[in-house]
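Structure first, then comments.
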Amino acid sequence: MKTVSIPATDNEYIIGKILCIGRNYVDHIKELGNEAPAAPVVFMKPATSVIAGGERVVIPPYSSECHYEAELAVLIGKDGKDIVEAEALSYVAGYGVAIDMTLRDVQDGLRKKGLPWDIAKGFDTSCPLSDFVPADWVPDPQNLAIRLLLNGEERQNGSTGLMMHTVAAIISYLSGIFTLEEGDVILTGTPAGVGKVVAGDRMEAGIVGVGTITVSVA
């Protein structure tokens with residue numbers, strides 16, 4: 001059983017679903033040569049993919065192209081279904097920082113065959129996840145700077161203001177498909193600058209006003 005916490009409120013949550021949004025930043029879509037989707041691209045990670053700061057990402061032996069993707073993470077604080085966009089942010093308990101580790105070679109091969117991405121996105125250790133800050137500490141989730149350093153060098157530097165689908169829109173959309181429950185986590189997509197990691201690398205992802213997470217690669 002994996003949990004996440006909001007230290008400022010002493011609240012701890014059992015992680016439920018981890019719902020992820022792909023292709024939510026135009027520059028990231030362009031750097032991978034993908035088409036811009038009309039609706040959010042949704043995939044899932046299991047709770048077993050989560051690791052905390054200070055732990056290690058383990059690249060599976062079936063991949064030689066593991067990429068980092070720094071993202072704003074959203075923690076759902078109460079159950080909801082068919083949530084209207086105007087009320088969506090009231091369902092947020094907190095915000096955190098995630099790194100969506102992706103086996104790019106595996107993902108590309110599966111995508112070309114029209115097959116699901118699960119083994120490229122949901123492997124053990126594929127979701128480094130920080131603690132969360134209370135939602136009311138973040139007055140505007142669409143005005144946050146996201147940054148990732150690889151071995152001390154800046155690789156990603158973007159803003160949540162560049163999202164194609166806002167946090168509120170994502171919550172509303174997802175709740176029309178899945179009942180959102182307390183403890184569910186939503187990863188909202190990554191800005192441009194993704195790249196490869198290898199054993200021995202160190203990643204630090206941060207969002208101003210939200211937090212940071214630092215992990216190494218086994």
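Within the range 105-124, the set of residues being outside any loop (DSSP other than H, G, I, E, B), surrounded by fewer than 19 Cβ atoms within 10 Å (Cβ to Cβ) and not small (G, A, S) comprises D105, D108, L110, R111, K112, D118, I119. Residues in the range 156-163 include at least one that is in contact (Cβ under 8 Å) with a residue 40 or more places away in the chain and farther than 18 Å from V74 by Cβ. The residues of the range 153-170 that are of a type in the set (A, V, I, L, M, F, W, C), over 14 Å from V41 (Cβ atoms), in contact with a strand residue (DSSP E or B) (Cβ under 8 Å, 6 or more places away or on another chain) and open to solvent by less than 20 Å² (accessible area, probe 1.4 Å) amount to a single one, V167. For the subset of the range 1-28 comprising residues that are out of contact with any strand residue (DSSP E or B) (no Cβ under 7 Å at 6 or more places or on another chain) and under 23 Å from L129 (Cα atoms), which member is modelled with the lowest pLDDT? Checking each candidate, the answer is H28.
Within this structure, S63 fails the test of being within 25 Å of S5 (Cβ to Cβ) and not β-branched (V, I, T).
Per-residue answers, yes or no, for (1) open to solvent by 20 Å² or more (accessible area, probe 1.4 Å); (2) at pLDDT 95 or above; (3) hydroxyl-bearing (S, T, Y):
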{"site": "M44", "(1), (2), (3)": "yes, yes, no"}
{"site": "V58", "(1), (2), (3)": "yes, yes, no"}
{"site": "I76", "(1), (2), (3)": "no, yes, no"}
{"site": "E87", "(1), (2), (3)": "yes, yes, no"}
{"site": "V92", "(1), (2), (3)": "no, yes, no"}
{"site": "T102", "(1), (2), (3)": "no, yes, yes"}
{"site": "S126", "(1), (2), (3)": "no, yes, yes"}
{"site": "L144", "(1), (2), (3)": "no, yes, no"}
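If you check N143 against the conditions, is it in a loop (DSSP other than H, G, I, E, B) and either closer than 25 Å to P61 by Cβ or of a type outside the set (S, T, Y) (or both)? In short, yes.
The values are calculated or read from the model by the stated rules, or taken from the named source; none is laboratory data. Just so you know, these numbers come straight off a predicted model, no measurement behind them. Reconstructed Cβ throughout: ideal geometry from the backbone, glycine too, with neighbour counts over all protein chains shown. Calculation scope for accessible area: heavy atoms of the full protein, side chains included, ligands and nucleic acids excluded. Shrake-Rupley method; radii C 1.70, N 1.55, O 1.52, S 1.80 Å.
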